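**Student:** Let me begin by handing over the structure; questions about it come next.
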Amino acid sequence: MSTLSKEFLQSIGIELDDTAYPAFTEHFDTTLSTRIINEIIDSLDETQIAQFNQLQSADSNQLWEWVRANVPELSDIIQDEINILLGELAENSDQI
C-alpha cells in the first residue's frame with residue numbers, strides 16, 4: 001500500500017493519470033524503503049550489522065521483529081524519511 005494518495009499528489013501540484021500513478025507510487029515506496037533501510041543500518045553497531053545481514057536471508061517477519069527489538073528509534077527513522085521524501089516531492093513537483 002502506497003504512502004501517497006492521488007489527492008495528496010494533486011494538492012502539491014502533481015497530476016498523474018491512472019497509468020502513471022502506480023509506477024510513480026511504486027518508485028516512491030521503493031525509494032522510501034531504501035532510505036529507511038540505509039538509516040537503520042547507519043544506526044547499528046558492527047555486531048548488529050552482522051546480525052542484520054544474516055537475517056536478511058531469513059523470513060521477513062523475523063527480520064522486522066529483530067529490527068523492532070534492536071532499533072529503538074525505528075518509528076522516528078520512518079517518520080523522518082517520509083517527511084524528507086515528501087518535502088523533496090513537494091519542492092520538485094513542478095518538474096514531475
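**Student:** All but one of (1) at pLDDT 95 or above; (2) surrounded by 13 or more Cβ atoms within 10 Å (Cβ to Cβ); (3) over 26 Å from residue 12 (Cα atoms) hold for residue 63, so report the exception by its number.
**Tutor:** Here residue 63 meets the rest and fails (1).
**Student:** Could you list, in sequence order, all residues of the range 13-40 that are assigned to a loop (DSSP other than H, G, I, E, B) and more than 18 Å from residue 90 (Cβ to Cβ)? It would help to see each step written out before you state the result.
**Tutor:** First, the residues of the range 13-40 that are assigned to a loop (DSSP other than H, G, I, E, B): 13-19.
Across the range 13-40, the qualifying residues are 17, 18, 19.
**Student:** Read through the list (1) modelled with pLDDT of 95 or more; (2) over 18 Å from the mean Cα position of the chain (by Cα); (3) among the acidic types (Asp, Glu), then give the number of the only condition that residue 76 fails.
**Tutor:** (2)
**Student:** When you scan the range 50-59, do you find a residue that is within 18 Å of the chain's Cα centre (by Cα) and modelled with pLDDT of 90 or more, even just one? Spell out the reasoning first.
**Tutor:** Looking only at the range 50-59, we keep the residues that are within 18 Å of the chain's Cα centre (by Cα), and these are 52, 56.
With modelled with pLDDT of 90 or more added as a condition, the list becomes 52.
The answer is yes; a qualifying residue exists.
**Student:** Under 21 Å from residue 9 (Cα atoms), out of contact with any Phe, Trp or Tyr (no Cβ under 7 Å at 6 or more places or on another chain), β-branched (Val, Ile, Thr) and without any contact (Cβ under 8 Å) to a residue 12 or more places away in the chain: is that true of residue 47 in this structure? Talk me through it step by step, then tell me what you get.
**Tutor:** Values: under 21 Å from residue 9 (Cα atoms): no; out of contact with any Phe, Trp or Tyr (no Cβ under 7 Å at 6 or more places or on another chain): yes; β-branched (Val, Ile, Thr): yes; without any contact (Cβ under 8 Å) to a residue 12 or more places away in the chain: yes.
The answer is no for residue 47.
**Student:** Considering only residues that are at pLDDT below 90 and either closer than 25 Å to residue 55 by Cβ or within 12 Å of the chain's Cα centre (by Cα) (or both), which ones fall in the range 79-96?
**Tutor:** 86
**Student:** Same structure again: For the range 41-55, which residues satisfy the criterion of being outside any helix (DSSP H, G or I) and either small (Gly, Ala, Ser) or surrounded by 10 or more Cβ atoms within 10 Å (Cβ to Cβ) (or both)? Let's see the steps before the verdict.
**Tutor:** Taking the range 41-55 and keeping what is outside any helix (DSSP H, G or I), we get 44-45.
Listed by number, the list holds a single entry, 44.
**Student:** Mind listing whichever residues of the range 56-81 are touching a residue at least 12 places away in the same chain (Cβ under 8 Å), assigned to a helix (DSSP H, G or I) and of a type in the set (D, E, K, R)?
**Tutor:** Correct list: 80, 81.
The values are calculated or read from the model by the stated rules, or taken from the named source; none is laboratory data. If you're wondering where the values come from, they're calculated on a predicted model, not measured in any experiment. With ideal geometry, Cβ positions are generated from the backbone for all residues, glycine too; neighbour counts draw on all protein chains shown.
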